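J.: Let me give you the structure first, and then I'll get to my questions.
The values are calculated or read from the model by the stated rules, or taken from the named source; none is laboratory data. Bear in mind that the values here come from a model prediction, so they are computed numbers and not experimental data. All Cβ positions, even for glycine, are placed from backbone atoms using ideal geometry, and neighbour counts span all protein chains on display. Just so you know, the surface numbers come from the protein's heavy atoms only, side chains and all, with ligands and any DNA or RNA stripped out. Shrake-Rupley method; radii C 1.70, N 1.55, O 1.52, S 1.80 Å.
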Amino acid sequence: MSFASVLVLNGPNLNLLGTREPAIYGAETLDDVAALCRTAGERLNLSIDFRQSNAEHQLIDWLHAARTDIDGVVINPAAYTHTSVAIADALTAIEKPVIEVHISNVHRREAFRHHSYVSAVAEAIIVGCGTQGYVLALERMATLLDRKAAR
Ligand code: DQA
């Protein structure tokens, strides 16, 4: 069976997951999330490329590389969600399915978190499901990429 490749991209401050505002983001670390994604990837026949950067240009460069190497993108752009036209443009440019994930329910938080530049270019948005949101996104991505979960 051939594997589709999914880039799972994480924006600024998500490297601090587990210690950063645990009441909002939970106790799991980013390594825990990567492990969750890899386990889901094995089940769904998706090859997972899991990355995090605090730098907008780095996220954009990885998205550009994904034009040729990757079949779909799951992205938690973190604070860049609310500020970055550049990341939204890069997601549009690569012409791959995009699923936006937020660990917290951004709509229950400050007003500045209610707007996302990424949502307009995403196939789907998963918010407020904790780190399980990444797994839900990968399940949806597998469907979008027409890959059936191995049983
Ligand atoms: C976040 C929500 C953003 O508003 C925030 O800036 C983050 C994390 C989330 O996963 O809930 O850094 O994307």
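J.: Taking θ = phi - 60°, what integer Hz values does the Karplus form 6.51 cos²θ - 1.76 cosθ + 1.60 yield along region 107-123, in sequence order, with x for Gly and Pro?
T.: So the J values, rounded to whole Hz, are 6, 9, 10, 4, 4, 5, 8, 7, 9, 10, 6, 7, 4, 5, 10, 9, 5.
J.: A further question on this structure: Suppose a student asked you for the relative contact order of the chain, using Cα pairs under 8 Å spaced at least 6 residues apart; what percent would you report? Walk me through the numbers on the way to the answer.
T.: Working: 278 pairs, mean separation 42.9, N = 151.
Relative contact order here is 28 percent.
J.: Let me ask something else. Amide H of I126 versus every other amide H placed in the peptide plane: which residues, excluding those fewer than 5 positions away on the same chain, fall under 5 Å?
T.: Residues meeting the criterion, in which the H sits 1.01 Å from N, are E100, V101, H102.
J.: Quick one: 3J(HN,Hα) in Hz for region 88-98, Karplus 6.51/-1.76/1.60 with θ = phi - 60°, rounded, Gly and Pro as x.
T.: Values, residue by residue: 4, 5, 5, 5, 5, 5, 7, 6, 10, x, 10 Hz.
J.: Assuming a ≥ b ≥ c are the square roots of the Cα gyration tensor eigenvalues, decide whether region 60-151 counts as rounded (a/c under 1.5), prolate (otherwise, with a/b larger than b/c) or oblate. Spell out each step's value before the answer.
T.: Working: a/c = 2.45, a/b = 1.18, b/c = 2.07.
Oblate, since a/c reaches 1.5 and b/c is not below a/b.
J.: Carbon and sulfur: what percent of the chain's accessible surface (1.4 Å probe)?
T.: Details: 3670 of 7410 Å².
That fraction is 50 percent.
J.: Which one of V85, A66, N105 has its Cα pushed farthest toward the positive end of the charge dipole of region 4-150, where Lys and Arg give +1 and Asp and Glu give -1 at the Cβ?
T.: Ranked along the dipole, the leading option is N105.
J.: Through the Karplus equation 6.51 cos²θ - 1.76 cosθ + 1.60, θ set to phi - 60°, convert the phi angles of region 12-20 into ³J(HN,Hα) values in whole Hz; use x for Gly and Pro.
T.: x, 6, 6, 5, 8, 3, x, 10, 8
J.: Shifting gears a bit: Tell me, how many Å apart are the Cα centres for region 93-139 and for region 1-67?
T.: Region 93-139 and region 1-67 have Cα centres separated by 13 Å.
J.: Now for a separate question. What FRET efficiency do you get for L136 and D61 if R0 is 30 Å and r is their Cβ-Cβ distance, rounded to the nearest 0.05?
T.: Values: r = 27 Å, r/R0 = 0.91.
The formula returns an efficiency of 0.65 here.
J.: List the trypsin sites (Lys or Arg not before Pro) within region 49-147 that DSSP assigns to loop and that have no more than 15 neighbouring Cβ atoms inside 10 Å.
T.: Numbers: sites: R51, R67, R108, R109, R113, R140, R147; in loops: R109, R147.
Answer by residue number: R109.
J.: Amide H to amide H under 5 Å from F50: which residues, 5+ apart in sequence or cross-chain, H placed 1.01 Å off N in plane?
T.: V8
J.: Considering only protein heavy atoms, with the full assembly of protein chains and a 1.4 angstrom probe, order Y134, Y117 by accessible area, largest first.
T.: Output order, biggest surface exposure first: Y117, Y134.
J.: Separate question: On the full set of protein chains, 1.4 Å probe, figure out the accessible area of F112 and give it in Å² to the nearest 10.
T.: Its heavy atoms expose roughly 120 Å² to the probe.
J.: Charges at C-beta only: +1 for Lys and Arg, -1 for Asp and Glu. How large is the resulting dipole of the chain about its Cα centre, in Debye rounded to 20?
T.: 360
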